[in-house]
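Structure first, commentary second.
The values are calculated or read from the model by the stated rules, or taken from the named source; none is laboratory data. Only a predicted model underlies this, so the values are computations on that prediction, with no experimental measurement involved. Don't worry about glycine lacking a Cβ; one is built from the backbone with ideal geometry, like all the others, and counts go over all protein chains shown. For the accessible areas, the whole protein counts, side chains as well, though only heavy atoms, and no ligand, DNA or RNA atoms are used. Shrake-Rupley method; radii C 1.70, N 1.55, O 1.52, S 1.80 Å.
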Amino acid sequence: MSVTNIAEKKSVSTGQKRNTNVVRLILEGRAFFALIVIIAVFSFLSPYYFTMNNFLIMASHVAIFGILAIGMLLVILNGGIDLSVGSTLGLAGCIAGFLMQGVTLNYFGVILYPPVWAVVVITCALGALVGAVNGVLIAYLKVPAFVASLGVLYVARGIALLMTNGLTYNNLGGRPELGNTGFDWLGFNRLGGIPIGVIVLAVLAIVCGIVLSRTAFGRWLYASGGNERAADLSGVPVKRVKIVVYVLSGVCAAIAGLVLSSQLTSAGPTAGTTYELTAIAAVVIGGAALTGGRGTVRGTMLGAFVIGFLSDGLVIIGVSAYWQTVFTGAVIVLAVLMNSIQYGRRVKSS
């Protein structure tokens, strides 16, 4: 074989490796690149988009979906799915609204007005309970995650409708003489100019990232999601991990419900409808595999911002709400397609 042929083969091999690296970079960083493109396009189309105030407003909208997406990421990493988070969000808001309006104890002839911190604790406990129901159904009773969470979705939504009779709790700001003011703090206050909801999202994302990367629970979660049978044989408490991720998903949904109700200073039984699909979309756009075992908090947060900034950008330039649904759906399909390409390439290369 001549020296020329060897050199040509080496150059072809080098070129193929370079192309492979470029494709891998695009696939793994797709959420980040998509976010940059969205910001650039809408900044060109509207002078009101690329402003600090607008970014903060959009970030406060993203906070709701982002908090839901963190819980959904944990479930998807475990190889499951949680369709009940939107209904849990709505139920949590109704519970908070019910408590803020005062709890009537007819037997004692009194009305209790719990402080805001108690409302938050009770609401988060409710979210954990809903998640625990999902976890027990799936881990111990072997009900498929899709079916179990779909059933809980309807139960939670039905309870919210029964509680409110289909009506909305309004004026949740509380009254000073009752000692229950401060509920709107989550939705309207800012620290250092940053909305509280965004700060809550950032704290949850940081904590979740540390748990996934630095703790035994994180390793157990990735292991059980990648191969549950092998993880079980290796001594991983698979059932306990499964229940914990659904409990955490329920708590995240409850926190999102508190933030949303605080932003609106009202709580309705239909709040959070289809939000579970948006949360799943954020996780998928962020690069997580629906089969489990692959995904990061960083990618999920980027996915949430992609959806939020895209939706708000379409509103700003006056695009119909119907077209917004079409564009969001197209982005989700494209993200799933790129996931298939990315993980399909890994399987072939391995």
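Selection over segment 245-270 of residues that are over 12 Å from the mean Cα position of the chain (by Cα) and open to solvent by 30 Å² or more (accessible area, probe 1.4 Å) gives a count of 5. Evaluate the following for residue 279: is it aliphatic (A, V, I, L, M) and either open to solvent by less than 30 Å² (accessible area, probe 1.4 Å) or assigned to a loop (DSSP other than H, G, I, E, B) (or both)? So residue 279 passes the test.
Residue count for segment 251-271, restricted to those that are in a loop (DSSP other than H, G, I, E, B) and out of contact with any Lys or Arg (no Cβ under 9 Å at 6 or more places or on another chain): 3.
Kindly indicate the residue of segment 180-191 that is modelled with pLDDT under 85 and open to solvent by 30 Å² or more (accessible area, probe 1.4 Å) and also nearest to the chain's Cα centre (by Cα) among those meeting that condition. Here the answer is 186. Using the structure shown, decide if residue 315 is in contact with a helix residue (DSSP H, G or I) (Cβ under 9 Å, 6 or more places away or on another chain) and touching a residue at least 40 places away in the same chain (Cβ under 8 Å). Against the criterion (in contact with a helix residue (DSSP H, G or I) (Cβ under 9 Å, 6 or more places away or on another chain) and touching a residue at least 40 places away in the same chain (Cβ under 8 Å)), residue 315 does not qualify.
Of the numbered criteria (1) open to solvent by 80 Å² or more (accessible area, probe 1.4 Å); (2) touching a residue at least 24 places away in the same chain (Cβ under 8 Å); (3) over 21 Å from the mean Cα position of the chain (by Cα), the one residue 139 fails is (1).
Yes or no, residue by residue, for (1) crowded, with 17+ Cβ neighbours inside 10 Å; (2) in a helix (DSSP H, G or I); (3) of a type in the set (A, V, I, L, M, F, W, C); (4) modelled with pLDDT under 70:
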site	(1), (2), (3), (4)
1	no, no, yes, yes
33	no, yes, yes, no
56	no, yes, yes, no
73	yes, yes, yes, no
76	yes, yes, yes, no
79	yes, no, no, no
86	yes, yes, no, no
104	no, no, no, no
107	no, no, no, no
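Kindly indicate whether residue 13 is more than 30 Å from residue 239 (Cα to Cα) and modelled with pLDDT of 75 or more. So residue 13 does not fit the description; no. Filtering 104, 123 for residues that are among the polar types (S, T, N, Q) and in contact with a helix residue (DSSP H, G or I) (Cβ under 9 Å, 6 or more places away or on another chain) leaves a single hit, 123. Pairs meeting the criteria (first residue in segment 71-92 and β-branched (Val, Ile, Thr), second residue open to solvent by 10 Å² or more (accessible area, probe 1.4 Å) and in a helix (DSSP H, G or I), beta carbons under 6 Å, at least 6 apart or on different chains) are 81/145; 81/146; 85/276; 88/130.
Matching residues to (1) at pLDDT 95 or above; (2) of a type in the set (A, V, I, L, M, F, W, C):
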position: 95; (1), (2): no, yes
position: 115; (1), (2): no, no
position: 118; (1), (2): no, yes
position: 127; (1), (2): yes, no
position: 131; (1), (2): yes, no
position: 140; (1), (2): no, no
position: 162; (1), (2): no, yes
position: 168; (1), (2): no, no
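Scanning segment 225-239 for residues that are touching a residue at least 60 places away in the same chain (Cβ under 8 Å), part of a helix (DSSP H, G or I) and open to solvent by 60 Å² or more (accessible area, probe 1.4 Å) yields 228, 239. For segment 249-283, filtering for residues that are β-branched (Val, Ile, Thr) and under 21 Å from residue 101 (Cβ atoms) leaves 4.
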